[in-house]
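Notes to accompany the following structure.
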Amino acid sequence: MGNYLKKWIEHARPRSLMQSMMPAVLATICAIGSEKFNILCGFAAILGVVCAHLALNLADDWFDYRIDMMGDRDKVIRQGFRAMSVKYPYFTDGSETPRSAAAAIATFGGIALTCGLGIFIYRTVGCGFGGAQGSWIIPAITAACAFLGMFYSAPPLKLSFRGLGEMVIGFIFGPLLMWGVYYSTAGSIDAGISFVSIPVGLLVLNILFTHSFIDMEGDAASNKMTFARLLGNRKLCLAASYIFTFVPFIMIVIAVATGVLHPIYLIVLLVIPRGIWLCHSLHCFSADSSHKNEIPDQPYRWLGPMAKNWDIVREKGLDWFLMRWLCARNILSGFCAMMIISKVITLIIR
């Protein structure tokens with residue numbers, strides 16, 4: 001069983017788990033000090049979120065493969081747009097089938113549902129089902145996530161093919177995820193978690209939007225409609241990048257100024273240099289999409305963790321893509337890390 005799970009975790013793009021794990025851990029830490037705080041429920045919620053994310057990634061591959069996008073992807077590779085060539089290689093090399101993938105999706109989904117059911121039973125006993133803070137919140141959030149996650153790729157909605165995929169993922173991995181994990185851990189939802197979850201959702205959205213912005217040509221060649229393509233104009237895309245990158249930090253400043261958050265939370269502003277570099281880099285890309293403009297030979301350490309063996313990445317000609325995309329991911333992880341540190345400090349000094 002262990003080897004089975006390990007294999008499918010590797011297939012499910014584990015690199016993307018950062019965008020679900022960090023918000024989930026942050027929501028759990030934010031719940032510390034609540035009257036009905038339960039750390040076991042928090043751990044179960046984090047596990048459920050991770051398994052649900054893995055299931056959704058595999059489901060995305062399954063639906064993409066079923067609608068036979070592979071022909072378009074081959075054309076993209078021949079034209080030199082290699083950023084998409086890593087999509088579901090376990091199908092294209094014949095090592096797995098849609099049926100085996102469906103079984104893996106059911107496995108991860110089953111683990112997630114089991115975690116959610118255990119939390120639901122516990123919170124129903126302690127909080128009741130009805131009322132403003134009743135356990136009905138858990139199935140409501142689960143249903144919303146399942147609906148949006150399924151129809152992200154699945155017909156008839158196919159939201160990711162209508163330019164709405166980034167918005168959907170930002171909402172799922174921001175407010176919905178953090179409300180759900182926070183309620184599971186704390187037994188209630190308050191205004192503070194909303195002030196934190198919305199910025200996180202925007203930064204998650206920014207990861208996907210950065211991807212679609214710098215791969216507009218590849219997405220166009222494969223007939224995939226993204227929010228960047230929906231905007232259609234590079235200047236509008238650049239403006240959107242600035243909004244998605246910096247509005248989260250502005251919201252934290254507002255939360256501190258209005259007394260919703262302790263001033264110590266302003267240490268999150270230490271992550272802003274990453275945002276400045278990303279937006280400057282995208283500005284250069286918008287002006288000249290030759291891919292190499294303003295990309296250093298090696299990533300700056302302060303941009304955060306990047307891919308291992310960067311020389312190989314450069315040899316493959318993907319450094320222009322990965323450095324920007326991973327920077328967007330590291331803005332989210334850095335933001336969440338600073339928020340977690342801030343919460344811990346407030347617990348110590350109060």
Å² per residue, accessible surface of the chain at 1.4 Å
44 Å²
Segment 110-130 and segment 239-265 have their Cα centres apart by a whole-number Å value of 33 Å
If we sort 256-263, 47-54, 131-138, 179-186 on the protection proxy, mean other Cβ atoms within 10 Å, highest first, what's the order?
179-186, 47-54, 131-138, 256-263
Span-rule helices in the chain, defined as complete DSSP H runs reaching 24 Å or more along the axis (Cα) with Kyte mean at least -0.5
39-66, 98-127, 191-214, 234-257, 319-349
Check: C-alpha center segment 301-318 vs C-alpha center segment 132-203, spacing in Å is 32 Å
Heavy atoms only, probe 1.4 Å: what % of the accessible area of segment 231-350 goes to carbon and sulfur, would you let me know?
64 percent
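Where does the chain land on Rg(C-alpha)/(2.2 N^0.38 Å)?
Expressed relative to 2.2 N^0.38 Å, the Cα Rg reads 1.00.
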With all protein chains present, segment 106-213 has a carbon and sulfur share of its accessible area (1.4 Å probe) in percent of 80 percent
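The values are calculated or read from the model by the stated rules, or taken from the named source; none is laboratory data. Note that this is a predicted model, so its numbers are computed, not measured. Please note: Cβ atoms are built from the backbone with ideal geometry, for glycine as well, and neighbour counts cover all protein chains shown. The protein model used for the area step is the full one, side chains on, heavy atoms only, and it has no ligands, DNA or RNA in it. Shrake-Rupley method; radii C 1.70, N 1.55, O 1.52, S 1.80 Å.
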